[in-house]
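Structure record follows, encoded as structure tokens.
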Amino acid sequence: MIYLDNSATTPVDPEVLDAMLPYLKEEYGNPSSRYYTLAVNAHNAVEKAREQVAALINAKPKEIIFTGGASESNNFIIKGVADYKKHYEESGNHIITSTVEHKSVLQTCKFLNGDVFWNKSEKSVANQFLKKKSTTKKIDRGYEVTFLPVNKYAQVEKDSFKNAIKDNTILASFMWGNNEIGSLNDIEGLCSIAKEKGILFHSDATQVLGKIDIDVKKLPVDFLSMSAHKIYGPKGVGSAFVRQNGLSDFKMTSLIHGGLQENGYRAGTSAVHNIVGFGKACEIAKKDMNKYIKKISKLEIETKKMLTEKYPGIEFLGDPEHHIPGVIGMLIPEITNDIFIKNIADKVAISSGSACGIGEPSYVIKEIGIQNKSSSFTRLTLSKLSTIQDIKAGSF
Ligand code: PMP
């Protein structure tokens, strides 16, 4: 299988797997237990991983909270800040985000905004309501959300962000790099607007971790979301960066209530093997990133050249200058994406958009104003293991 869907997930690095295995075999202690060696070893392994994740973004270890992945981090940060600000501090209830965020940000914001339609039970309640009143059901959860439109590269414009800020704005959440077409937002510019206006700033960094330099000592973001399985780590683990500045250690409501794991922010026995794997993946990324990103960028140029020769009508989407290395979102007018992908599926793995939006046309394509071309949208994403031989053998 030629695997070119690395924005959906990456293979686990063998070094990562080797680091994880002892915690699935002999080192099975609960890191929250006390005194005996197995527990202490598990605890130490989790704390070492915290240091490794923190080092990749130049954070302090205590600013890293382990979660079940980036979807959970996004939910935790947005709901946690919203709840704390509204109910504990009573300092505001307005959130600003964009229309092209990952679904775990979009749906969280829609939930806070009062929409109902996520799972089967909520859907059935909404349907009953629709039958009775023939209107959309909204629940007043007490929040207001602005979904900002984006430019042709799916980026948030700074002026549009500035104009959306109100007295009751508490939080802005904009993705760092887009998972479908690879454009990078000007996170530095957007974050500095938020800081000028005194509002908190979150960025979903899932697609950029291990691909661009992230330094939270230089960039004053308050929160980041990250995931292990996009950087050759295991699935089902990620983290939230929550800035702790000493003076006003950040306060937010927990998403999972229960025990005091992760400083009480996230209850539940830690998935030690997964956390260890995430730590190792971050350590490898910190060490090797500059080398493999150069390789991926070169391969991206070669791939685009090859595709252009084969499909003269091809159009590459996203910001050509500011984009995630190795993410190739494109329109190939000669094809219908689902048929094309299915036809080569036994040999090559590529996609027609985000794995979380499977079965639906890409909303990113709609939001950048080319909905009529959505059936020719295809995404091919490279990894440190991809080779030009793979691309040549891919018969695209
Ligand atoms: N945010 C972005 C930008 C993503 O690409 C993804 C993965 N598709 C997620 C969040 C969710 O990550 P996870 O699978 O770890 O929940």
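The values are calculated or read from the model by the stated rules, or taken from the named source; none is laboratory data. Predicted, not measured: the structure shown is a model, and the values here were computed from it. Methodologically, a virtual Cβ is constructed for each residue, glycine included, from the backbone with ideal geometry; neighbour enumeration extends over all protein chains shown. Surface areas here come from the heavy atoms of the whole protein model, side chains and all, with no ligands, DNA or RNA. Shrake-Rupley method; radii C 1.70, N 1.55, O 1.52, S 1.80 Å.
Determine the shape class of the stretch 4-72: with a ≥ b ≥ c the square roots of the Cα gyration tensor eigenvalues, call it rounded for a/c under 1.5, and otherwise prolate if a/b is greater than b/c, oblate otherwise.
On the way: a/c = 2.17, a/b = 1.38, b/c = 1.57.
Taking the square roots of the gyration eigenvalues as a ≥ b ≥ c, the stretch 4-72 is oblate.
From the phi angles alone, apply the Karplus equation (6.51, -1.76, 1.60; θ = phi - 60°) to the stretch 199-208 and give each ³J(HN,Hα) in whole Hz, x where the residue is Gly or Pro.
Each residue of the stretch 199-208 in turn: 10, 6, 10, 10, 10, 7, 9, 3, 8, 10 Hz.
Please compute the contact order of the stretch 253-396 in relative form: average sequence separation of alpha-carbon pairs under 8 Å and at least six residues apart, divided by the residue count, as a percent.
Working: 142 pairs, mean separation 31.5, N = 144.
Dividing the mean separation by the residue count of the stretch 253-396 yields 22 percent.
In nm, to one decimal, how far is the Asn263 label point from the Val125 one, both placed 7 Å along Cα→Cβ?
3.3 nm
Rounding to the nearest 20 debye, state how big the charge dipole of the chain is about its Cα centre with +1 on each Lys and Arg Cβ and -1 on each Asp and Glu Cβ.
Values: 50 positive and 45 negative charges, 110 e Å.
Value, rounded to 20: 520 debye.
Each residue of the stretch 101-107 in turn: what ³J(HN,Hα) in whole Hz from Karplus with 6.51, -1.76, 1.60 and θ = phi - 60°, glycine and Pro shown as x?
Working through the residues one at a time gives 5, 4, 4, 5, 8, 4, 5 Hz.
List every residue whose amide H lies under 5 Å from the amide H of Leu148, counting only residues 5 or more places away in sequence or on a different chain, with H placed 1.01 Å from N in the peptide plane.
The answer is Thr97, Ser98, Thr99.
Could you identify which residue out of Asn44, Asn119, Asn263 has the top mean-square fluctuation in a GNM of the chain using Cα springs shorter than 10 Å?
Ranking Asn44, Asn119, Asn263 by mean-square fluctuation puts Asn119 first.
How would Thr336, Thr381, Thr253 rank on accessible area, largest to smallest, probe 1.4 Å?
These residues rank, largest area first, as Thr336, Thr253, Thr381.
When Lys and Arg each count +1 and Asp and Glu each count -1, what net charge do the other residues less than 11 Å away from Asp288, Cβ to Cβ, add up to? Numbers along the way, then the final one.
Working: positive: Lys286, Lys287, Lys291, Lys294, Lys295, Lys384; negative: Asp13, Glu15, Glu283.
Local charge sum for Asp288: +3.
Report relative contact order for the stretch 14-282 in percent, whole number only (criteria: Cα-Cα under 8 Å, sequence separation at least 6).
Relative contact order here is 28 percent.
Assuming 0.36 nm per residue, please report the length gained on full extension of the stretch Glu321 to Glu89 beyond their Cα-Cα distance.
On the way: separation 232, 0.36 × 232 = 83.52 nm, distance 4.13 nm.
Answer, rounded to one decimal: 79.4 nm.
For a bin width of 10 Å, list the pair-distance distribution of the chain built from all Cα-Cα distances, rounded to whole %.
Going from the shortest bin to the longest, the percentages are 5, 22, 30, 26, 14, 3, 0.
Convert each backbone phi in the stretch 46-62 into a coupling constant with the Karplus relation 6.51 cos²θ - 1.76 cosθ + 1.60 (shift: θ = phi - 60°), then list the ³J(HN,Hα) values in order as whole Hz, x for Gly and Pro.
5, 5, 5, 4, 4, 5, 5, 5, 4, 4, 5, 10, 6, 9, 8, x, 5
Out of all DSSP beta bridges in the chain, what portion is antiparallel? Express it as a percent rounded to 5. Don't jump to the answer; show the numbers that get you there.
On the way: 20 of 39 bridges.
Roughly 50 percent of the beta bridges in the chain run antiparallel, per DSSP.
So who's got an amide H within less than 5 Å of the one on Gly353, skipping anything under 5 residues away but keeping other chains? H placed 1.01 Å off N, in plane.
Arg379
May I ask which residue of Leu24, Met226, Val145 lies farthest towards the positive end of the charge dipole of the stretch 14-282, with charges of +1 (Lys, Arg) and -1 (Asp, Glu) on Cβ and the Cα centre as origin?
Farthest towards the positive end: Val145.
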